[in-house]
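The values are calculated or read from the model by the stated rules, or taken from the named source; none is laboratory data. Predicted, not measured: the structure shown is a model, and the values here were computed from it. Note that each Cβ is placed from the backbone with ideal geometry, even for glycine, and that neighbours are counted across all protein chains shown. Side chains included, ligands, DNA and RNA excluded: accessible areas come from the protein's heavy atoms. Shrake-Rupley method; radii C 1.70, N 1.55, O 1.52, S 1.80 Å.
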Amino acid sequence: MKLKRFSFLSLVIALVFILQACSSSPQEASSEEKKSGSNYPERQIEIIVGFGAGGGSDNFARAIAKELKDILGVNINVVNMPGASGINSADHVARQPADGYTIWSATSNHPVNIAAGAEKNDLSKLTAVGRVQNDTMTLQVKSDGKFKDIEDLIAQAKEKPGEITIGGTGSAGFDELVIKQFEKATGTKFNYISFEGSGEMTAALLGGHIDVIAEEPGPSIAQLESGDIKMLIAFTEEKMEGFEDVPISTEMGIEVTDGQGRGFMVHADTPPEIIEVLENALKEAKDQAGYKEYEKASYLHLRDGWLNAEDYNAEFENLIDTYGTLLKDMK
C-alpha cells in the first residue's frame, strides 16, 4: 500500500513538472521570437508611393501589395503621397519608426534626386529591401518619319548637333540622364524636351512636334502594334520578347542599359531580420500568378528586374555616382 501511495505521489509530481514545462515553453519561445523579429508582421503595413494614383509606380505597388497581403498574412495599405519626384514620400518614410511597418516604393528617380542634391534621405537613411521591376528604355520615332533606323538617327544627329528634338518625362530626371548617356556613348547632341506624361509626349511625336521619344514599350504599345510608331533601339542586354528585330544597345557597343527600376526601401535602422522577412516575401510575391499577369499586361516582363537587398543597395550606389557625373556635365 505504501508503495502504491509513493508511486501515485511520484506520478503527480512528474505531471506537475510536465505541465509547468509545457506552459513555460510557449512564453519563452514567444520572447525569443520577439527578440529575433520572427513574429513580424503583427499588424497592418503601409506602402508609401511618391506618385499619384493610376500611374506606373502606383499600379506596381498595388499589384505587389495584393500578393504580399496573402504571403505576410496582414493587410497592406497603399498610400499615395505625390510631390517632388518622390522626395516628399521618402522623407515621410525616413521619419517613421524603424519597425518595418512603413515601406517606401522606390524608383530610379531616387538616385537621381540624391545625385542632384535634392534628396537628403540617402542610403544612410533608407535602405533597400529588393528591386522587382527593371523596365526597358527605348528610342521611338514615327514609322513614316525622317529616320530609317538607329544608325540613320545617329548619323543625322552628328550632322545637326542639337537640332533633333527628343522627348522625355521630367527635366534633369531619369529619362534625360539616359539620353545624356546615349549622347556620350555615340558622340551626338539632341535637343531634349520635357513632358509631364507619356500620353502628351506620344501625341507630340505623332503630331510632328518632336522627332524622337525616350519611352518604355508599355505606354506606347498601341501605337507600336498599329505601326504608327517604330522602335529604333532598346537599352538592354538581351533581345526583347516580341521585339526581336529591334537592335539593342549592347550589341551596338553602346553601354547604356538603365531602365526605370521599381522596388522597396525601409528606414535604414530597421532590424536586419525584419528586412529579411520583407525581402523573402517580396521575392515570393513577384513570382505569383496574379503579379505575373499584371507584369505581362504592362510589358514589364521583358527583362528580369529582381535584385535582392544587398544588390539593390549596390545598384543605388553605382547610379548615384553615374548620375552625379552626368549632372555635373549638364551644368
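Table for the structure above
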| item | result |
| --- | --- |
| The range 212-223, subset of a type in the set (A, V, I, L, M) and surrounded by fewer than 21 Cβ atoms within 10 Å (Cβ to Cβ), residue farthest from the chain's Cα centre (by Cα) | ALA222 |
| Filter result for SER226 (farther than 21 Å from ASP175 by Cα and either more than 19 Å from the chain's Cα centre (by Cα) or of a type in the set (Lys, Arg) (or both)) | yes |
| Residue list for the range 224-242, filter: open to solvent by less than 50 Å² (accessible area, probe 1.4 Å) and either within 20 Å of TYR294 (Cβ to Cβ) or modelled with pLDDT under 95 (or both) | LEU224, MET240 |
| Inter-residue pairs, beta-carbon under 7 Å, first within 30 Å of TYR312 (Cβ to Cβ) and in the range 134-157, second open to solvent by 50 Å² or more (accessible area, probe 1.4 Å), 6+ apart | GLN140/LYS230 |
| Selection from the range 75-110 of residues that are buried (at least 16 other Cβ atoms within 10 Å of the Cβ) and of a type in the set (Val, Ile, Thr) | ILE76, VAL78, ILE87, VAL93, THR102, ILE103, THR107 |
| The range 279-331, residues that are more than 14 Å from ALA128 (Cβ to Cβ), surrounded by fewer than 20 Cβ atoms within 10 Å (Cβ to Cβ) and touching a Gly at 6+ places or on another chain (Cβ under 7 Å) | SER298 |
| Residue count, the range 184-237 (criterion: in contact (Cβ under 8 Å) with a residue 40 or more places away in the chain, over 19 Å from SER249 (Cβ atoms) and touching an Asp or Glu at 6+ places or on another chain (Cβ under 7 Å)) | 1 |
| Verdict on SER124 being among the small types (Gly, Ala, Ser) and either more than 18 Å from the chain's Cα centre (by Cα) or modelled with pLDDT of 95 or more (or both) | yes |
| When residues of the range 173-188 are limited to those that are surrounded by fewer than 20 Cβ atoms within 10 Å (Cβ to Cβ) and outside any helix (DSSP H, G or I), the one modelled with the highest pLDDT | GLY187 |
| Pick from the range 135-170, criterion of a type outside the set (Asp, Glu) and within 20 Å of the chain's Cα centre (by Cα), ranking: modelled with the lowest pLDDT | GLY170 |
| Filter result for PHE264 (in contact with a His (Cβ under 8 Å, 6 or more places away or on another chain) and open to solvent by less than 10 Å² (accessible area, probe 1.4 Å)) | no |
